[in-house]
Amino acid sequence: MKPIEELVNTISKYQDVVIHHTFTSKKHSVAQVSIQGKTRVLKWYAPGYKKNIEKENEILQKAVSSLQVPQVFEYDQDNNVLILEYISAENLCDYLNDDSKTLEQKKKALCLLVDWFHSFHHQFMTKTSHFIHGDPTLRNFLINNKIWGVDFEESRPGEPILDIAGVCASLLTTDPMFTNEKNKLSQFFIQQYSAYAPGTVQNIYQEISLALLEKIPWRPQDEQLLRTKASLIKKEGLLLQ
C-alpha cells in the first residue's frame with residue numbers, strides 16, 4: 001500500500017490535510033487527520049478495490065441511522081477515498097487484552113458486542129438471506145460506552161454464525177493466545193448471542209475451527225499451534241486447561 005503522505009502531497013484537494021496518526025491496515029492507507037480544523041479518519045483504498053469502497057460506503061450510509069458506525073462525510077470516487085467520522089474510543093482488541101480490566105468488565109464489553117451484532121444482522125436481513133460483517137476481527141471494533149463497528153468492505157450475504165465464530169477466533173488468537181480466560185470469554189460470547197437468536201450458532205465449534213485455519217496465511221509462524229487448536233476445538237469444544 002502507498003503511504004497516506006503520497007495522497008496528501010500529490011492530490012491538490014488534500015494538500016491542506018494534516019496527518020496525526022496512521023493506523024495499521026493490511027490493504028489500505030488509513031489515518032487520523034485534520035481537515036479544516038476537524039478531526040476525521042481518511043481511508044485511501046488501494047488500486048483495484050473500487051467495489052470494496054462502494055460496498056463500504058453503501059453499508060455505512062444505510063447503517064448510520066440505527067447502528068454505531070462512523071458517519072461518511074465524503075466519498076471521493078475519483079481518488080478512492082472515504083472521509084469518515086473519528087470515533088474517540090479504545091480498540092476492542094486492546095481492551096479485552098488489558099490485564100487491568102476485570103473479567104466482568106470484559107464480559108460487559110462482549111455483551112455490548114453481542115447487541116451490536118444482533119442489531120447488524122437483524123437490520124440487513126432479507127426474506128431470503130442474512131448479511132454479515134465478514135471480517136469480525138476484534139480490531140474492527142471500538143469501545144467507549146458503546147461498541148462501534150468499522151471496516152465493512154468484506155460484508156456479504158452469509159450466516160451470522162460466521163461472524164460469531166470469527167470473533168471467537170480473533171479473541172482466542174490475540175496475545176496471550178488460547179488462555180483459560182479467552183476460552184471463558186468465547187463461551188460467554190456464544191451463549192449471549194445464542195440467547196438473542198436461538199438456533200443460530202449450531203456447529204459453532206466447527207466454524208471456530210475453520211476460522212482459526214483461515215488465519216494461517218496471515219500467521220505462518222503460528223501454523224502448527226493454529227492447526228492443533230483448530231483440531232482440538234472441533235472435537236472437544238472450548239475446554240479449560
Exercise. So which pairs qualify, if the first residue must be in segment 175-187 and closer than 20 Å to C111 by Cα and hydrophobic (A, V, I, L, M, F, W, C), the second must be modelled with pLDDT of 95 or more and part of a helix (DSSP H, G or I), the Cβ gap must be under 8 Å, and the two must be at least 6 apart or on different chains?
Worked result: L185/L96; L185/L103; L185/K106; L185/K107; L185/L110; L185/L171
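Please find, within segment 97-111, the residue that is nearest to Q192 (Cα to Cα) out of those that are in a helix (DSSP H, G or I) and more than 14 Å from the chain's Cα centre (by Cα).
Within segment 97-111, the first condition is being in a helix (DSSP H, G or I), and the residues that meet it are 103-111.
Subset that is more than 14 Å from the chain's Cα centre (by Cα): 103-109, 111.
Numbers: L103: 15, E104: 14, Q105: 15, K106: 13, K107: 10, K108: 11, A109: 12, C111: 7 Å.
Checking each candidate, the answer is C111.
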Exercise. Going by the structure shown, is Q32 surrounded by fewer than 19 Cβ atoms within 10 Å (Cβ to Cβ) and out of contact with any Phe, Trp or Tyr (no Cβ under 8 Å at 6 or more places or on another chain)?
Worked result: no
Seminar exercise, completed: Taking segment 213-241 and keeping only residues that are among the aliphatic types (A, V, I, L, M) and closer than 21 Å to V114 by Cβ, one is left with I233, L238
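Within 25 Å of F124 (Cβ to Cβ), free of Cβ contacts under 8 Å to residues at least 24 places away in the same chain, in contact with a helix residue (DSSP H, G or I) (Cβ under 8 Å, 6 or more places away or on another chain) and surrounded by 15 or more Cβ atoms within 10 Å (Cβ to Cβ): does that describe V81?
Numbers: within 25 Å of F124 (Cβ to Cβ): yes; free of Cβ contacts under 8 Å to residues at least 24 places away in the same chain: no; in contact with a helix residue (DSSP H, G or I) (Cβ under 8 Å, 6 or more places away or on another chain): yes; surrounded by 15 or more Cβ atoms within 10 Å (Cβ to Cβ): yes.
No: the conditions fail for V81.
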For this session: Kindly indicate whether any position in segment 96-115 is in contact with a Gly (Cβ under 9 Å, 6 or more places away or on another chain), farther than 23 Å from P176 by Cβ, modelled with pLDDT of 95 or more and in the same structural domain as Y196 (by TED's automatic domain parsing).
Result: no
For this session: Hey, can you tell me all the residues within segment 146-168 that are within 12 Å of the chain's Cα centre (by Cα) and aliphatic (A, V, I, L, M)?
Result: I147, V150, I164, V167
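Any idea how many residues of segment 14-35 are under 23 Å from A89 (Cβ atoms) and in a loop (DSSP other than H, G, I, E, B)? Before you say what the answer is, go through the steps one by one.
Residues of segment 14-35 under 23 Å from A89 (Cβ atoms): 17-35.
Still in the running and in a loop (DSSP other than H, G, I, E, B): 17, 24-28.
Of the residues in segment 14-35, 6 are under 23 Å from A89 (Cβ atoms) and in a loop (DSSP other than H, G, I, E, B).
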For this session: Test V69 against the stated conditions and say whether it is under 16 Å from the mean Cα position of the chain (by Cα), touching a residue at least 24 places away in the same chain (Cβ under 8 Å), assigned to a loop (DSSP other than H, G, I, E, B) and crowded, with 16+ Cβ neighbours inside 10 Å.
Result: yes
For this session: Given the conditions (1) buried (at least 17 other Cβ atoms within 10 Å of the Cβ); (2) more than 14 Å from the chain's Cα centre (by Cα); (3) in contact (Cβ under 8 Å) with a residue 24 or more places away in the chain, report the number of the one that I143 does not fulfil.
Result: (2)
Problem set entry | Subset tally (residues that are free of Cβ contacts under 8 Å to residues at least 40 places away in the same chain and either among the hydrophobic types (A, V, I, L, M, F, W, C) or not in a helix (DSSP H, G or I) (or both)) for segment 191-210 | 3
For this session: Give A211, A197 a once-over and let me know the one that is assigned by TED's automatic domain parsing to the domain that holds L110, more than 20 Å from the chain's Cα centre (by Cα), buried (at least 16 other Cβ atoms within 10 Å of the Cβ) and among the aliphatic types (A, V, I, L, M).
Result: A197
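Table: residues versus (1) out of contact with any Leu (no Cβ under 7 Å at 6 or more places or on another chain); (2) in a helix (DSSP H, G or I).
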site: E153; (1), (2): yes, no
site: L162; (1), (2): yes, yes
site: S170; (1), (2): no, yes
site: N183; (1), (2): no, yes
site: F189; (1), (2): no, yes
site: L212; (1), (2): no, yes
site: D222; (1), (2): yes, yes
site: L232; (1), (2): yes, yes
site: L239; (1), (2): yes, no
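The values are calculated or read from the model by the stated rules, or taken from the named source; none is laboratory data. Here the structure is a predicted model, which means the values were calculated and not measured. For neighbour counting, all protein chains shown are included, and Cβ atoms are generated from backbone atoms with ideal geometry for every residue, glycine included.
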